[in-house]
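The values are calculated or read from the model by the stated rules, or taken from the named source; none is laboratory data. Everything numeric here is computed off the predicted structure, so don't read it as measured data. Please note: Cβ atoms are built from the backbone with ideal geometry, for glycine as well, and neighbour counts cover all protein chains shown. Note: areas computed on protein heavy atoms with side chains; ligands, DNA, RNA excluded. Shrake-Rupley method; radii C 1.70, N 1.55, O 1.52, S 1.80 Å.
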Amino acid sequence: MSPIKVTFLGTGTSQGIPMIACSCEVCQSNDTRDKRLRVSLHLEVNGNSFVIDTGPDFRQQMLRESITHLDAVLYTHEHKDHTAGLDDIRGFNYFQKTAIPLYAQSRVIDQLKREFAYAFDENKYPGVPDIQVHEIDEKPFEVKDILITPIQVKHFLLDIFGYRIGDFTYITDANFIAEDEIEKIKGSKVLVINALRKAKHVSHFTLEEALDLVQKVNPERAYLTHISHQLGKHEEVQQELPNNVFLAYDGLKITI
Ligand SMILES: [Zn+2]
Ligand SMILES: [Zn+2]
Ligand SMILES: [Zn+2]
């Protein structure tokens, strides 16, 4: 497998930063690293172009990063901040003249069918998104000969997926990970994990909980994502972190 090129398309929680109508110091910050679109990731591996989730900022993220080809979408779960941009894959349909494969577990597919019913119609209106749905479960699967291992994590009541590809693991929206799933992450050189804020939250890891997981998995480097304005300013929070842990920011690129 070639090195994996990762681009953080968005690193913010569901509201994004700045949050509408908020006058806090993070939302008012001039630091570009404090501007966070809704969470999503782009992966380039063996010449293939994958995204994990298509949130409400998908169109803007594809344009900003000049992504001109898409081979597949992997979904973590069905929440709107991870799915709302699906309609905008039409540009890729138009130029690639093919359906875009989506990979998700059955509950997520059911929700996509409700929210984007027109894309699943028997007699489709011309120009609707052209998608090809692949149902996955917790077993590893291949996309374009690349092995992808789902990591099942708890997001309050939901079982949702993170993904491991080679030495890279991406997990968002977790608030608990069982020991046997942590075993699947171990050995990753790079771990991306969600860290919402410092105060306890029902469905997301806090900064402290995310750092605990990093310690358990012990990757070379870890990046924190799905960040709320309540976490604090990028520059100040980064200074509190261990040497091998970084706050991700929109547009950050890393190679594994
Ligand atoms: Zn989310
Ligand atoms: Zn704010
Ligand atoms: Zn969620």
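In terms of its alpha-carbon gyration tensor, the range 1-126 comes out oblate; a/c meets the 1.5 threshold, while b/c is at least as large as a/b. Residues considered: I67, I109, I151. Largest GNM mean-square fluctuation over the chain, using C-alpha springs under 10 Å, is found at I67. Taking every alpha-carbon pair within the chain, the share separated by more than 31 Å comes to 20 percent.
When the GluC sites (Glu not before Pro) in the range 80-171 are filtered for DSSP coil states and for at most 14 other beta-carbon atoms within 10 Å of their beta-carbon, the remaining sites are E122, E138.
The Cβ shell under 12 Å around E183 holds other residues with a net charge of +1, Lys and Arg each +1, Asp and Glu each -1.
Take 219-225, 166-172, 201-207, 123-129 and order them by the average number of nearby Cβ atoms within 10 Å per residue, most first; the result is 166-172, 219-225, 201-207, 123-129.
Taken about its Cα centre, the range 31-148 carries a charge dipole of about 320 debye when Lys and Arg each add +1 at the Cβ and Asp and Glu each add -1 at the Cβ.
Quick one: grab the alpha carbon gyration tensor of the range 149-245, order the square roots of its eigenvalues as a ≥ b ≥ c, and give me rounded if a/c is under 1.5, else prolate or oblate depending on whether a/b is larger than b/c. In terms of gyration-tensor shape, oblate. Ligands, DNA and RNA left out, the accessible area of the chain computed with a 1.4 Å probe is 49% carbon and sulfur. Rolling a 1.4 Å probe over the protein heavy atoms gives the range 1-121 an accessible area of 43 Å² per residue.
Figure note: D53, D121, D87 ranked by solvent-accessible area, largest first, 1.4 Å probe, ligands and nucleic acids not counted: D121, D87, D53.
A DSSP coil position with no more than 14 other Cβ atoms inside 10 Å describes the following GluC sites (Glu not before Pro) in the range 1-94: E25.
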